[in-house]
Amino acid sequence: MIQRIQSLWLLLAAACSFASYKFPYYSGTNQKGIADYQLNGTENFLLMAVTAVTGALALFLIFLFKNRKMQLRLCLLGIVLEALLIFLYYREVRTFSTGTLSLTSILQSAVIVLFFLAARAINKDEKMVKESDRLR
């Protein structure tokens, strides 16, 4: 299970997703006037819930290696959830009066890329199994 490349991509996606709880996405002054305010995955219940679901989904997908079709579908769901999470972060960032994106905001985009790489590897495995079944 862990020797498959998609398992490594999914493990990295889960790590990046859960790292957003600790590291800030955006730093600045919010509209309430609080300076040096940092936005991370624990600032809002919706951000926290979607981050937890995305990270847990990535970990769960590692163990679905026997059902590649379901693994592929749920991997695509992970991409959609992460896109939703980036939109939620964008919505929260608009509440700041001034500030800058943190370097660790790249983690959210990395999760989408890692889910995509995992989906591509799952698709390759599925094609390889179909070709080997055809040769029998």
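Some notes on this structure:
- The calculated 222 nm mean residue ellipticity attributable to helices in the chain amounts to -23000 deg cm²/dmol, summing -39500 (n - 2.57) over DSSP H runs of n ≥ 4 and dividing by all residues.
- Applying 1/(1 + (r/R0)^6) with R0 = 22 Å to the Cβ-Cβ distance of R91 and F23 gives a FRET efficiency near 0.70.
- In summary, the convex hull built on the alpha carbon positions of the chain has an orientation-averaged projected area of 8.1 nm².
- Cβ-based exposure ranking for L10, L81, in which fewest neighbours within 10 Å come first: L81, L10
- The calculated P(r) of the range 36-92, using every Cα pair and 10 Å bins from 0, goes 23, 45, 23, 8, 1 in percent.
- This ranking places S20, S97, S105 by how few other beta-carbon atoms lie within 10 Å of each, fewest first, which gives S97, S105, S20.
- Annotation: lysines with alpha-carbon distance below 20 angstrom to K124 (same-chain offsets under eight excluded): K66, K69.
- Förster radius 25 Å - calculated FRET efficiency between I5 and A52 (Cβ-Cβ, nearest 0.05): 0.50
- I106/E131 FRET efficiency (R0 35 Å; Cβ-Cβ; nearest 0.05): 0.45
- Of the trypsin sites (Lys or Arg not before Pro) in the range 1-38, the ones in a loop by DSSP (not H, G, I, E or B) with at most 11 other beta carbons within 10 Å are K22, K32.
- Loop-resident trypsin sites (Lys or Arg not before Pro) (DSSP state other than H, G, I, E or B) in the range 52-101 with no more than 10 further Cβ atoms inside 10 Å of their Cβ: K66, R94.
- This ranking places I34, I86, I106 by how few other beta-carbon atoms lie within 10 Å of each, fewest first, which gives I34, I106, I86.
- Think of the chain as having a plus end and a minus end, set by charges on the Cβ of Lys, Arg, Asp and Glu; of C16, V50, L74, L74 sits farthest toward the positive end of this dipole.
Taken together, the values in this text are just the output of simple stated rules run on the coordinates, not laboratory data. Keep in mind that what you see is a predicted model, and the values were worked out from it rather than measured. Reconstructed Cβ throughout: ideal geometry from the backbone, glycine too, with neighbour counts over all protein chains shown.
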